[in-house]
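Structure, as structure tokens:
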Amino acid sequence: MLIHPVKGASSSDQTTISRSHASGTTAGNQLTAYANCPDVLVLALPRGGVPVACEVARALHAPLSVLIVGKPGVQWQEERAMGAIASGGVPVLNGDVVQVLALPEEVIKKVAAHEQHEVERRERLYRGNGPVSDVRGRTVILADDGMATGATMRAAVAAVRQQQPARIVIAVPAAASATCEEFAAEGDEDDTALCW
């Protein structure tokens with residue numbers, strides 16, 4: 001996987017959505033090689049990734065859809081994610097959290113099943129009766145508003161990779177440098193991560 005730091009995102013006092021739109025525009029400008037390509041599909045990771053992905057899709061003249069990813073929390077500490085689960089039931093566990101908290105497998109399964117139902121509910125909310133986008137053989141640009149641990153993006157990549165895309169491009173305006181480096185080490189040689 002190639003990593004390209006992107007420069008030019010605004011650091012002004014704009015609202016979060018305005019910054020996300022500006023970040024999406026910046027990413028779109030960096031991804032011009034994919035403009036007007038019929039095999040490109042932009043997938044937003046809601047909620048924060050939607051404004052970023054919208055601007056990327058607009059700049060590239062590419063179709064836009066969503067890929068829902070949930071973050072199953074630890075039962076007694078909901079804000080602490082034990083991993084992520086994407087559309088299609090693809091789970092990615094945060095091994096450090098699972099190990100440190102000594103989470104039993106039955107707890108993990110129960111929380112993951114609950115989160116899978118939530119992912120399905122959100123899919124219906126975002127997509128309505130619309131079809132799931134076919135990514136087989138396509139260049140898929142996954143857009144989110146940031147990556148901290150990368151668990152959400154890992155689940156998204158795993159879900160998309162199961163469907164055999166030609167290439168996956170990750171576009172995020174804010175990311176921990178260590179997380180970007182991990183994606184570089186983990187990804188296929190044709191994949192690209194844009195972190196700015």
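The values are calculated or read from the model by the stated rules, or taken from the named source; none is laboratory data. Because the structure is a prediction, the values reported are computed rather than measured. Every residue, glycine as well, gets a Cβ built from its backbone with ideal geometry; the counts of neighbours run over all protein chains shown.
Being touching a Lys or Arg at 6+ places or on another chain (Cβ under 9 Å), closer than 16 Å to L41 by Cα and surrounded by 18 or more Cβ atoms within 10 Å (Cβ to Cβ), is that true of even one residue in region 66-87? Yes, some residue in region 66-87 is touching a Lys or Arg at 6+ places or on another chain (Cβ under 9 Å), closer than 16 Å to L41 by Cα and surrounded by 18 or more Cβ atoms within 10 Å (Cβ to Cβ).
For the residues P173, P131, the requirement of being within 21 Å of L64 (Cβ to Cβ) and touching a helix residue (DSSP H, G or I) at 6+ places or on another chain (Cβ under 8 Å) singles out P173. Scanning region 147-157 turns up one or more residues that are at pLDDT 85 or above, hydroxyl-bearing (S, T, Y) and in contact with a strand residue (DSSP E or B) (Cβ under 9 Å, 6 or more places away or on another chain).
Filtering region 45-54 to residues that are surrounded by fewer than 23 Cβ atoms within 10 Å (Cβ to Cβ) and in a helix (DSSP H, G or I) leaves V50, P51, C54. Take the residues of region 23-44 that are at pLDDT 90 or above and in contact with a helix residue (DSSP H, G or I) (Cβ under 6 Å, 6 or more places away or on another chain): which is surrounded by the most Cβ atoms within 10 Å (Cβ to Cβ)? Per the stated criteria, the residue is V42. The set of residues in region 144-174 being in contact with a Leu (Cβ under 9 Å, 6 or more places away or on another chain) and of a type in the set (V, I, T) consists of T152, V157, V160, I168, V169, I170, V172. Is at least one residue of region 156-163 buried (at least 19 other Cβ atoms within 10 Å of the Cβ), β-branched (V, I, T) and either in the same structural domain as G49 (by TED's automatic domain parsing) or without any contact (Cβ under 8 Å) to a residue 24 or more places away in the chain (or both)? So far as region 156-163 goes, yes, one or more of its residues are buried (at least 19 other Cβ atoms within 10 Å of the Cβ), β-branched (V, I, T) and either in the same structural domain as G49 (by TED's automatic domain parsing) or without any contact (Cβ under 8 Å) to a residue 24 or more places away in the chain (or both).
With respect to the conditions (1) more than 19 Å from R58 (Cα to Cα); (2) among the acidic types (D, E); (3) in contact with a strand residue (DSSP E or B) (Cβ under 8 Å, 6 or more places away or on another chain), D144 lacks only one, and its number is (1).
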